[in-house]
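What follows is a short report on a single structure.
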Amino acid sequence: MPDRLRAALAEKVDALAQSLFAQVVDVNLSGGVLRAQSGALRDSIRIQTSQQDGSVGADIFSDGDAPYAAIQEYGGKTAAHEILPDKARVLAFALNGSRVFARRIQHPGSQIPERSYLRSALEEQGDDIAQVLTNVVMRLSEDLKDTA
């Protein structure tokens, strides 16, 4: 790939990745797909661009600090687990209008629906991304033919 084409693609890929990142963080994880509870998932989203072996690319991903990132993106079932108090001697909660206290609770697990915040952003912007990159390649290919 000619250096001029690689540089132009790298610049466009970076700009497109920034736009996709903004869609994920500022829209999808700020109420568009998921409501932010603590902001940990939103804060775990990273962007990484790369150029190697003649290719230019970008990755947008969760860095692993939010262990529930994948189950929110793809959906799934959480395992049954025991809930124990961590700041008090007992758990307190409302059940059928009454206040209940317990030393432990056996949670049966939960079915979490798919709430795609990454793939949905790419799907929404995918056609525009492809068109912009195609335009860059076509424009520079014509420029390179004209200068040859």
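Whether a residue is modelled with pLDDT under 95, assigned to a helix (DSSP H, G or I) and more than 28 Å from the chain's Cα centre (by Cα) was assessed, and ASP86 does not pass this test. Restricted to segment 35-59, and to residues there that are touching a Leu at 6+ places or on another chain (Cβ under 7 Å) and at pLDDT below 95, the residue that is surrounded by the fewest Cβ atoms within 10 Å (Cβ to Cβ) is ALA36. Give all pairs with beta carbons closer than 9 Å in which a residue from segment 51-62 that is in contact (Cβ under 8 Å) with a residue 24 or more places away in the chain and at positive phi meets a residue that is surrounded by 10 or more Cβ atoms within 10 Å (Cβ to Cβ) and not in a strand (DSSP E or B); count only pairs at least 6 apart in sequence or on separate chains. Within 9 Å, the pairs are GLY54/MET1; GLY54/ARG6.
In the set (1) farther than 21 Å from GLN131 by Cβ; (2) not in a loop (DSSP other than H, G, I, E, B), VAL33 fails one condition alone, (2).
Taking segment 89-109 as the search range and keeping residues that are part of a strand (DSSP E or B) and touching a residue at least 12 places away in the same chain (Cβ under 8 Å), which one is nearest to ARG35 (Cα to Cα)? My answer is HIS107. Is it fair to say GLN37 is more than 13 Å from the chain's Cα centre (by Cα) and assigned by TED's automatic domain parsing to the domain that holds SER120? Yes: the conditions hold for GLN37. Kindly indicate whether any position in segment 70-87 is small (Gly, Ala, Ser), touching a residue at least 24 places away in the same chain (Cβ under 8 Å), over 16 Å from ASN28 (Cα atoms) and exposed (fewer than 11 other Cβ atoms within 10 Å of the Cβ). Yes; the residues of segment 70-87 include at least one that is small (Gly, Ala, Ser), touching a residue at least 24 places away in the same chain (Cβ under 8 Å), over 16 Å from ASN28 (Cα atoms) and exposed (fewer than 11 other Cβ atoms within 10 Å of the Cβ).
The values are calculated or read from the model by the stated rules, or taken from the named source; none is laboratory data. All figures in this text were calculated on a predicted structure; none of them were measured in a lab. All Cβ positions, even for glycine, are placed from backbone atoms using ideal geometry, and neighbour counts span all protein chains on display.
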